[in-house]
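Heads up, the thing below is written out as structure tokens.
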Amino acid sequence: MEILKKIYSLYSTRGHKCDGCNLGEDCYSDGYRCIRSGLFFHKECATSNQDVCNAYHPQHMLKIKVVSNFEDVHGECKICRGNLPKMYYYCSICDFAIDLICARKEVVKNIDVPNTHKHRLSLVPKMIMFSCHICQLVDDRFPYACDICGFNFHKDCAESTPELSYSCHPKHHLKRLTRVPSYTNGKCCLCKSKLHILFYHCSICNFSVDVECAKNPPPLTLDHPKAHEHQLTLLPQRIFVCNACGMDDDPNPYICLQCNFMVHRNCIDIPHIIKISRHVHRISYNDCLEAGDWKCEVCLKEINWTCGAYSCSKCPDFAIHVRCATRFGIWDGIELESILEDTTNSKAYEVIEEGVIKHFIHKNHTLKLKEGSDANGKSRRCTACTYPIFSTLFYDCTVCDYFIIHQKCADLPKKKIDSFYKMSMTLVSNSNELNLCDACQNYFEGFMYISDNGIINLDVRCGSISEPFVHEGHPHHSLYINYSKKDKLCNACGDKACMVFSCEECDFVLDVKCSILPKMVKHKNDKDHFLTLCYGEKTREQYWCEVCEEDLNPEKWFYSCDHCGVTLHIKCTFGDFIWINPGGEAESIYMVIPNNYTSRPVCNGCDSRCQYPFILKYKKYILCSLPCFKSVVGR
């Protein structure tokens, strides 16, 4: 599916379910991850055929459908009865839909099962009621029928045997059952899938396997030098702690008898060297850590130092659980064991002498370090982030008035892996063009990080964010980027967003646009003092905004003056065009201007009077907000 390849980036992960087939949570898998919504599809699912012909519905072609992240999927697969995932095949004429797994399976139209029935059985490709001759259960779809006797069968029932000698449970024979005993958990002991109409069971050991595992048992022995130097043997139904990951959640280990080594099937192929978003260096897998009290830097829970974990050779106190390190959104999916580490200098400037540098974007002139007071009271803005120079240190060009940059903006690296999309990014100049940041969804000028494949743009504020993210609005706990398939409410503004910062120790949520709000601003309503960002407060007092003269919810974030008591809504402080330089050339197609007209102009996007402090003139339009601008650009 070429459309997926254009908006999805190649990705590999463990612990993340494919939205196309609902599989993959317990294994490493390559695929495509949507750079905007976070939807993940296996390679095989992402490249599925647009149209298929299926023997269960031969009268019409089935078309593929991909449901957006913002829509719910309703309905079931007509073959396996499972809930339909985000990608499935459907008939545009009939009420018929199947998931990708069922669409890929070979359909056997005729079966010969002499142990069950003496005549050939043929598939009836219809949704019809029938009673299975073996299990006696009534069903409503796709029987295998005998044209001579008139008997109907489930396919699994027809191909089954009353007893099974099973390699993974050699002690006792397994008996065919069609009803789940009340003393079991109702799941296959090997794959953990829910048991359906027919399965095999040992009542002595309480051991159950579904039909799929009965037909395709896991190998009894494995040779995998990366996991262990000796041959490993499967030992089902044994409670154990995995030596590779330290977890005890799957009672089917592979073991090495001579070493007393036990490992999950899914931990056989653990990557040995990886790069994660929560740490600046590469981390390596170790069979065990040094004796001591270790805490995982992701989940903050204890690490069993006698089992495998990831650690950093440059940071002796840093360690992470195997499953925490390789989960979706933390690992970039690339095994680095055979890839040399890039040691290229990513510093954006060259030091000429103390306090004097030459920046690669303004390489013809030198820049001199100055105090914020040296701006001579002028309203000068940083060339990189477009925010005014106040009391912070900055570099000023010794030759021209064009280039001025905050010290922290000058320190931004030329190349980096961003925290949001885990992609390689390059710092570029973008002083006089509007771009949309793919993290905070604000339009901006100034420097930007652009991905190597040209798909993702980040402004320097979002591009400089790293995890764990520490914010003054939630000082006691670190925040981490969270890709949610359902909108979450931001504690700062109350808006909904899918990509947010969340706290793993409480329910605090912060959307990206609020995470980069300036801590200190100047505003015309209080020319003598700075306004500071207030992170909400519990009070019974009634607050009101000095700009719009409407009520202000003090539990949400707002700007206030500690001297005068002035309070302003965040949007009334800046409007929606905070990261675009006010003013501009008369011939420019866009210009941000103060909304200081005697009579407020009417917005061409929403047909209302512009109430925010800055408005955007774009071509022939006057626009008051970001939604209005997007609606006009989309025309």
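Brief remarks follow.
- Only a single criterion out of (1) at pLDDT 90 or above; (2) out of contact with any helix residue (DSSP H, G or I) (no Cβ under 7 Å at 6 or more places or on another chain); (3) not in a loop (DSSP other than H, G, I, E, B) is not satisfied by ASN491, namely (3).
- ASN216, sole failed condition from (1) open to solvent by 80 Å² or more (accessible area, probe 1.4 Å); (2) touching a Cys at 6+ places or on another chain (Cβ under 8 Å): (2)
- Condition check for THR532 on (1) open to solvent by less than 70 Å² (accessible area, probe 1.4 Å); (2) under 30 Å from GLU297 (Cβ atoms); (3) in a strand (DSSP E or B): one failure, at (2).
- Near pairs, Cβ below 9 angstrom, 6+ apart or cross-chain, from the range 281-306 (over 18 Å from ARG327 (Cβ atoms)) to any residue that is open to solvent by 70 Å² or more (accessible area, probe 1.4 Å) and among the small types (Gly, Ala, Ser): HIS281/SER313; TRP305/ALA291; THR306/ALA291
- Output for the range 33-76, where each listed residue is over 14 Å from ALA103 (Cα atoms), modelled with pLDDT of 70 or more and in contact with a Lys or Arg (Cβ under 7 Å, 6 or more places away or on another chain): LEU39, PHE40, VAL66, VAL67, VAL73
- Given (1) at pLDDT 90 or above; (2) surrounded by 17 or more Cβ atoms within 10 Å (Cβ to Cβ); (3) among the acidic types (Asp, Glu), index of the condition GLU163 fails: (2)
- Taken over the range 530-566, residues that are of a type in the set (A, V, I, L, M, F, W, C) and over 20 Å from ASN595 (Cβ atoms) amount to 6.
- Figure legend. Inter-residue proximity from the range 543-568: first residues over 18 Å from CYS493 (Cβ atoms) and open to solvent by less than 20 Å² (accessible area, probe 1.4 Å), second residues of a type in the set (S, T, N, Q) and in a loop (DSSP other than H, G, I, E, B), beta-carbon distance below 7 Å, spacing 6+ or different chains. Indicated pairs: VAL566/ASN525.
- Candidates in the range 391-412 are the residues that are within 15 Å of ARG461 (Cβ to Cβ) and in contact with a helix residue (DSSP H, G or I) (Cβ under 7 Å, 6 or more places away or on another chain); of these, the one that is modelled with the lowest pLDDT is THR392.
- Which listed residue, of ILE615, ILE580, is in contact with an Asp or Glu (Cβ under 8 Å, 6 or more places away or on another chain) and either at pLDDT below 85 or open to solvent by less than 30 Å² (accessible area, probe 1.4 Å) (or both): ILE580
- When SER599, SER631 are screened for being in contact with a Gly (Cβ under 6 Å, 6 or more places away or on another chain) and at pLDDT below 85, only SER631 passes.
- Scanning the range 324-335 for residues that are crowded, with 24+ Cβ neighbours inside 10 Å and not β-branched (Val, Ile, Thr), we see that the one that is modelled with the lowest pLDDT is TRP331.
- Among the conditions (1) closer than 15 Å to PRO613 by Cβ; (2) modelled with pLDDT under 90, ASP562 misses just one, which is (1).
- Taking the listed residues GLU445, GLU467, the one that is among the acidic types (Asp, Glu), crowded, with 22+ Cβ neighbours inside 10 Å and in contact (Cβ under 8 Å) with a residue 24 or more places away in the chain is GLU445, with no other qualifying.
- Of the residues making up the range 166-190, those that are part of a loop (DSSP other than H, G, I, E, B) and surrounded by fewer than 16 Cβ atoms within 10 Å (Cβ to Cβ) are SER167, ARG179, PRO181, SER182, TYR183, ASN185, GLY186.
- The range 115-137, residues that are farther than 19 Å from LEU198 by Cα and over 43 Å from the mean Cα position of the chain (by Cα): LYS118, HIS119, ARG120, SER122
- Of the criteria (1) open to solvent by less than 50 Å² (accessible area, probe 1.4 Å); (2) within 21 Å of LEU479 (Cβ to Cβ), which one GLU537 fails: (1)
- Here is the figure for the range 198-213: residues that are aliphatic (A, V, I, L, M) and surrounded by fewer than 17 Cβ atoms within 10 Å (Cβ to Cβ) total 1.
- Among the residues of the range 584-612, those identified as surrounded by 11 or more Cβ atoms within 10 Å (Cβ to Cβ), of a type outside the set (A, V, I, L, M, F, W, C) and under 22 Å from PHE447 (Cα atoms) are GLY584, SER588, TYR590.
- Qualifying residue in the range 451-458 (condition: over 27 Å from THR567 (Cβ atoms) and charged (D, E, K, R)): yes
- For the range 190-211, the criterion of a residue being farther than 30 Å from PRO143 by Cβ, at pLDDT below 85 and charged (D, E, K, R) is satisfied by no position.
- TYR310 meets the conditions (1) modelled with pLDDT of 90 or more; (2) surrounded by fewer than 20 Cβ atoms within 10 Å (Cβ to Cβ); (3) hydroxyl-bearing (Ser, Thr, Tyr) in every case but one. The failed one is (2).
- Looking only at residues in the range 239-249 that are open to solvent by 20 Å² or more (accessible area, probe 1.4 Å) and not small (Gly, Ala, Ser), the one that is farthest from the chain's Cα centre (by Cα) is ILE239.
- Answer from LYS363, LYS368, LYS347 - the residue that is of a type in the set (Lys, Arg), surrounded by fewer than 12 Cβ atoms within 10 Å (Cβ to Cβ) and modelled with pLDDT of 80 or more: LYS363
The values are calculated or read from the model by the stated rules, or taken from the named source; none is laboratory data. Predicted model only: the values in this text are computed from it and were never measured. Here the Cβ is made from the backbone with ideal geometry for all residues, glycine too, and neighbour counts use every protein chain on show. Please note that ligands, DNA and RNA were not included when accessible areas were found on the heavy atoms of the full protein model with its side chains. Shrake-Rupley method; radii C 1.70, N 1.55, O 1.52, S 1.80 Å.
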